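Asker: Submitted below is the structure of interest, expressed as structure tokens.
The values are calculated or read from the model by the stated rules, or taken from the named source; none is laboratory data. A quick note: this is a predicted structure, and the numbers were derived from the prediction, not measured. Neighbour counts run over all protein chains shown; Cβ positions are idealised from the backbone, glycine included. Quick note on the areas: whole protein, heavy atoms, side chains included, nothing else; ligands and nucleic acids left out. Shrake-Rupley method; radii C 1.70, N 1.55, O 1.52, S 1.80 Å.
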Amino acid sequence: MRVAQIQFEPKLGDCSYNLKRIINFLSQCKDVDLIVLPELANSGYLFDGRDHALEVANQLSCLNYLDSLAEFSSANDVFIVSGYLEKVDDKLYNSSVFISPDGSRGNYRKIHLFMDEKKIFEPGNLGLPLFNIGNYKLGMLICFDYLFPEIWRIMALKGADLIVHPSNLITQNAYIVVPAQALMNGYYVITSNRIGREGEIIFCGKSLVVDPRGNIVNTLGALDEGILYTDIDPKLSQNKMITSGNHIFHDRRPKEYMDLYDL
Ligand code: ACM
């Protein structure tokens, strides 16, 4: 499976510019199976409060962002994952869509909101769904979600072979946690980050692909704009032997973990 990650700088609140740039990047991706964009790729990140975010979401409703991605996906026989600003009635979510070339769509809403995101978005309420990508299962996390170990394990136990992770990372912590979680759960992780600056925030790029043994197999630089191509073999995620005598799932001792539910 060939993956393309698009690392770029969305312009805050300029959704038609963002859509044009994204379509331009998509059309450069040749012979790939899956394209992964960053968090809030269509809107930018650092809204000046909830009213500003609502205004941007209203602007987006005329642009049919998801329909444009779906059209590209069907025409080019490619799966697409993108972070996007989702508005439902007057509620806003920091969401990620999974679009299949057959026209079907899956949605994930960021569960763990970072800092002032709590003043703008509702926390995700769709759980941790998995989606079929060929013979494999794909799960989604969004940026700061990575800091909560339970969700990685839940998706592993549900059978995820790859986790895609649209991000707007601003600290270095994910570069430690993501490889560790890939190793602990024995699956691929594809983190697609953005670059650039909004206000005082500098986004740190370095999109990466980690294999089921925790090795970083490909990465971009902190300032690079462009497309990162990686060939992955999600079948490797189905071997959960971590040593010749240890299986990641069979060696768990859930009865000893019961404190988790009381603390
Ligand atoms: C983040 O969750 N965008 C830091």
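Asker: Give, as residue ranges, the strands (runs of 3 or more DSSP E) completely inside the stretch 171-250 that count at least 1 residues that are of a type in the set (Lys, Arg) and within 30 Å of Asp48 (Cα to Cα).
Answerer: 195-198
Asker: Just one of the numbered conditions (1) within 13 Å of the ligand (Cβ to nearest atom); (2) open to solvent by less than 40 Å² (accessible area, probe 1.4 Å); (3) over 19 Å from Leu162 (Cβ atoms) is not true of Ile142; which one?
Answerer: Unmet for Ile142, out of (1) within 13 Å of the ligand (Cβ to nearest atom); (2) open to solvent by less than 40 Å² (accessible area, probe 1.4 Å); (3) over 19 Å from Leu162 (Cβ atoms): (3).
Conditions (1) away from the ligand (no atom under 16 Å from the Cβ); (2) open to solvent by less than 20 Å² (accessible area, probe 1.4 Å); (3) of a type outside the set (Val, Ile, Thr); (4) under 17 Å from His165 (Cα atoms), marked per residue:
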{"residue": "Ile6", "(1), (2), (3), (4)": "yes, yes, no, yes"}
{"residue": "Lys20", "(1), (2), (3), (4)": "yes, no, yes, no"}
{"residue": "Asp31", "(1), (2), (3), (4)": "yes, no, yes, no"}
{"residue": "Ser82", "(1), (2), (3), (4)": "no, yes, yes, yes"}
{"residue": "Leu85", "(1), (2), (3), (4)": "no, yes, yes, yes"}
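Asker: Consider Leu60 carefully, then state whether it is under 22 Å from Asn193 (Cβ atoms), modelled with pLDDT of 95 or more and not aromatic (Phe, Trp, Tyr).
Answerer: Answer is no for this residue.
Asker: Quick one: in the stretch 173-193, of everything that is of a type in the set (S, T, N, Q) and open to solvent by 10 Å² or more (accessible area, probe 1.4 Å), which residue is nearest to Val81 (Cα to Cα)?
Answerer: Gln181
Asker: Something else now. Could you grab the pairs with beta carbons closer than 7 Å, sequence gap of 6+ or different chains, first residue in the stretch 96-115 and within 16 Å of Leu37 (Cβ to Cβ), second one open to solvent by 10 Å² or more (accessible area, probe 1.4 Å) and polar (S, T, N, Q)?
Answerer: Hits for this filter: Val97/Asn107.
Asker: Kindly check whether there is at least one residue in the stretch 102-109 that is within 12 Å of the ligand (Cβ to nearest atom) and either out of contact with any His (no Cβ under 8 Å at 6 or more places or on another chain) or under 30 Å from Tyr257 (Cβ atoms) (or both).
Answerer: Looking for residues that are within 12 Å of the ligand (Cβ to nearest atom) and either out of contact with any His (no Cβ under 8 Å at 6 or more places or on another chain) or under 30 Å from Tyr257 (Cβ atoms) (or both), one finds none in the stretch 102-109, hence no.
Asker: Still on this structure, please answer the following. Inspect all residues belonging to the stretch 145-157 and state whether any of them is outside any loop (DSSP other than H, G, I, E, B), crowded, with 24+ Cβ neighbours inside 10 Å and touching a residue at least 60 places away in the same chain (Cβ under 8 Å).
Answerer: No, the stretch 145-157 has no match at all.
Asker: When residues of the stretch 158-172 are filtered for being within 16 Å of the ligand (Cβ to nearest atom) and either within 23 Å of Ile80 (Cα to Cα) or crowded, with 24+ Cβ neighbours inside 10 Å (or both), how many remain?
Answerer: Final tally of qualifying residues: 7.
Asker: Just checking, does the stretch 41-62 include any residue being surrounded by fewer than 21 Cβ atoms within 10 Å (Cβ to Cβ), within 21 Å of Leu208 (Cβ to Cβ) and of a type outside the set (Gly, Ala, Ser)?
Answerer: Checking the stretch 41-62: not a single residue is surrounded by fewer than 21 Cβ atoms within 10 Å (Cβ to Cβ), within 21 Å of Leu208 (Cβ to Cβ) and of a type outside the set (Gly, Ala, Ser).
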